[in-house]
1. Any idea which of SER65, SER83 is at pLDDT below 95, of a type outside the set (Lys, Arg) and out of contact with any Asp or Glu (no Cβ under 6 Å at 6 or more places or on another chain)?
2. Exactly one of these conditions fails for THR128: (1) within 21 Å of ILE196 (Cβ to Cβ); (2) surrounded by fewer than 17 Cβ atoms within 10 Å (Cβ to Cβ); (3) modelled with pLDDT of 90 or more. Give me its number.
3. Can you tell me which residue is modelled with the lowest pLDDT among those in the range 448-469 that are farther than 17 Å from GLN391 by Cβ and aliphatic (A, V, I, L, M)?
4. Any residue that is within 30 Å of TYR46 (Cα to Cα) and surrounded by 17 or more Cβ atoms within 10 Å (Cβ to Cβ) - is there at least one of those in the range 156-167?
5. Suppose we filter the range 102-122 for residues that are among the basic types (Lys, Arg) and not in a loop (DSSP other than H, G, I, E, B); how many remain?
6. Mind telling me which of the residues LEU339, LEU274 ends up being of a type outside the set (Lys, Arg) and assigned to a strand (DSSP E or B)?
7. Under 7 Å between Cβ atoms, which residue pairs at least 6 apart in sequence (or on different chains) link something in the range 289-318 that is touching a residue at least 12 places away in the same chain (Cβ under 8 Å) with a partner that is part of a loop (DSSP other than H, G, I, E, B) and charged (D, E, K, R)?
8. Taking LYS250 as the residue in question, decide whether it is free of Cβ contacts under 8 Å to residues at least 24 places away in the same chain and basic (Lys, Arg).
Amino acid sequence: MNLEESDIFKEEIEKNSKHKKNVMLSIIVCVIIMIVLIALIVYIRYVDSRTLKLFVDNKQLSIPSDFYIVEDNKRYVNLDELSGFLGYDYTKGVYTLYNEDDDSCYMQNKFETIAISSGKNKFEKYITLVQDETIGDIPVTSKSDSGYCESFTIDEPAKFIDGNIYIYDEYIPKMFNVSLKWTEYRIYFYTLEYNIALAQKTISKMGYTEMSGYYENIRAIADGYAIVGNNTKVYGVVSLNNESEIISVKYDDIKYVQNTEEFYVTVADGTMGLMSSKGQTIIPPTEYEDISLLDEQNQLYLVEKNNEYGVLSRNGDVIAYAENDEIGYDVSKFNTEYLENDLLWFNKCIPVRKNGKYGLYNKDGENELLLQINYEGFGYLSSESKSSGNQQSVLVIPGSVGIEGIVIKYNDLYGIYDVNEERIVLTCVFTKIYSITKSGNTKYYIEYNGQEMDLAEYLEQNNLVNIDKNGKYINSNDYEEETSDSQAEEENLNDDINDNTNETNNSVTNETSSNSNSVTNKVKNSNTTARNNTSNEEDDL
C-alpha cells in the first residue's frame, strides 16, 4: 500500500467516525428535545389540571373573576354570573315590586321566576303559565296557574358583597333545576334539558313509554325522579338514580312538589292524596278534593272538602277541620314586612273565615282556636292615600313596639291580639289603630274617642310590653294571676265586647277631662273592666 492510499483510507475512517458522531449527537439532541417536549406536555397538563375550569353541559365557558367566593369553608356563587350561564335573565330588585334594590334580585326563564333577597333564609320560585314550548323534544305545559309559588327554606342566607348577591353552592341545584359537580379544579353544570335526555334513556330502558310534560313534574328530574306512564292515562314515579319504581303507575294525575320533594296523587273519583319521595302515604287519597302546601317549614297542608277548607300537619293531625269558608286573609292592602307567610302569621296563628266571621287557629294545636271565630276582620284600613304619608293601614304590630300583635275588628272598633301571650291585650274599643312614617321612622298609634295615643308608650305605661330590645319574647310577671284563666277570658271576651264597648263610650262621654293621661286611664280602666266582667260570663260561642 502506498502512502496516497493510506491517506485516503484514514480520511474515510475519519469521515465515517465524524458521521457517526453527528448521527449520535443528533439522536441525543432529539432525545433531549423529546424529553423536554414530554416534560413540557406533562407540565402543561399538570398546570391545566390545576386550573379551575367551568363546563355547562360539557361545554367549557370562561370563569369571571368574581364568580365565587369562599367564606367559612363554604363556596358562594355570584347569582348574576350564574344566571347567564344557565339561561336565566337576571334583574335586581324585589320581584313584583318596582324598585332597584341591589340586595334583592329575581331570575327568569320561559317557565319560572326565582326571587331572593340577601340576608333571608328562603327563596321563592314562581311558575309561568306556558303553552307550545319544549325542553329538548318534550312538549311542555304548566299544571299550575301562572304565579303558583313554592317557598324554599335555606339555612345559609344569600350574601350581598360588593354589589353582588352570592348563594351557597349547595342550593344551586334546587334553585336552577340543574345537577352540579364541583371538584377542586372543575365545575360541571348539567341543565334540565341535558338531564331530560338522560332520563328518557333510563325510563325507556325500564319499560315506560312516556314522561309527564308538566313543567312542575319535569323539574323532578333534577332531583332524581321522573313521573312516568305507559300510554294508559295513569301515572307513577320512578327513581332515576336507582332505576326503581317508587309510586305505582295507577294514579289519574300526579304533581311534584319541589320544595318538599313530595307528590300529590289524584285517583279516579277526584280525591287527592300526598305521598313521599320514598312512596310512603302521608295523606291518603280518600277524603280531600285538593291539597296544597300551606307552610313548608312547619309542614302544614291546606285541604279542601266540599268547598270548605282545613289544615293538616304532616303526621296527619287535624290543625283545623275542613269546615271553614277560607283559610288565610287578604293582606294585599297592608304592609306584610313582618309576616314571613301570609297564611301563617308570626309562625303561630292561622287566620280563618267562617260564616262571614274571622278567627285564629293555633298551628301547633289540634283544632285549637286561639281567637274565636267571632270577628269582623283583621287590620285597620286607613282611608288616607299612601302618598299623604299619614295614618297608614296596619294589620300586625311588630315587636319593636313592645308586643307582637294582630289588629282585630269587632263592631267597627279595633283591638289587639297578642300572639305570645295568646290573648287579647287591647279589647275592641278603639276607633283607629294606625301607623305614621316620618323620616324613615314608623310609629304606631291608637285612637280612642277622638284622642290619639302613642301605642308603644301606652303599652309601656300599662305593663303590657313583652318583647325586649333584642326582639325576644319575655314572660311578664304582671299577668301571673290572669294566666290561669286566660283561656276562659279569651273565649268569653267575644260575647262581652259589644256590651263593654257601649259602656266604655258612655263613660267617656260623661268625662270632662280631655288630656292624654286622662284618656289613657279611661282605656286602661275599660280594658280591666272588660277582663273582669268576662270571667263571670257564660261561654255562648
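1. Among SER65, SER83, only SER65 is at pLDDT below 95, of a type outside the set (Lys, Arg) and out of contact with any Asp or Glu (no Cβ under 6 Å at 6 or more places or on another chain).
2. (2)
3. Filtering the range 448-469 for residues that are farther than 17 Å from GLN391 by Cβ and aliphatic (A, V, I, L, M), the one modelled with the lowest pLDDT comes out as ILE467.
4. Let us first name the residues in the range 156-167 that are within 30 Å of TYR46 (Cα to Cα), namely none.
No; the residues of the range 156-167 include none that is within 30 Å of TYR46 (Cα to Cα) and surrounded by 17 or more Cβ atoms within 10 Å (Cβ to Cβ).
5. Residues of the range 102-122 that are among the basic types (Lys, Arg), as a first pass: 110, 120, 122.
Going one step further and asking which of them are not in a loop (DSSP other than H, G, I, E, B), we end up with 122.
Residues in the range 102-122 being among the basic types (Lys, Arg) and not in a loop (DSSP other than H, G, I, E, B): 1 in total.
6. LEU274
7. Short answer, once both residue conditions are applied: ASN298/LYS363; GLN299/ARG314; LEU300/LYS363; GLU304/GLU289; LYS305/GLU289; GLU308/ASP325; ASP317/GLU366; VAL318/GLU366.
8. It is true that LYS250 is free of Cβ contacts under 8 Å to residues at least 24 places away in the same chain and basic (Lys, Arg).
The values are calculated or read from the model by the stated rules, or taken from the named source; none is laboratory data. These figures come from a predicted structure and were not determined experimentally. Glycine gets a Cβ as well: all are built from the backbone with ideal geometry, and neighbour counts include every protein chain shown.
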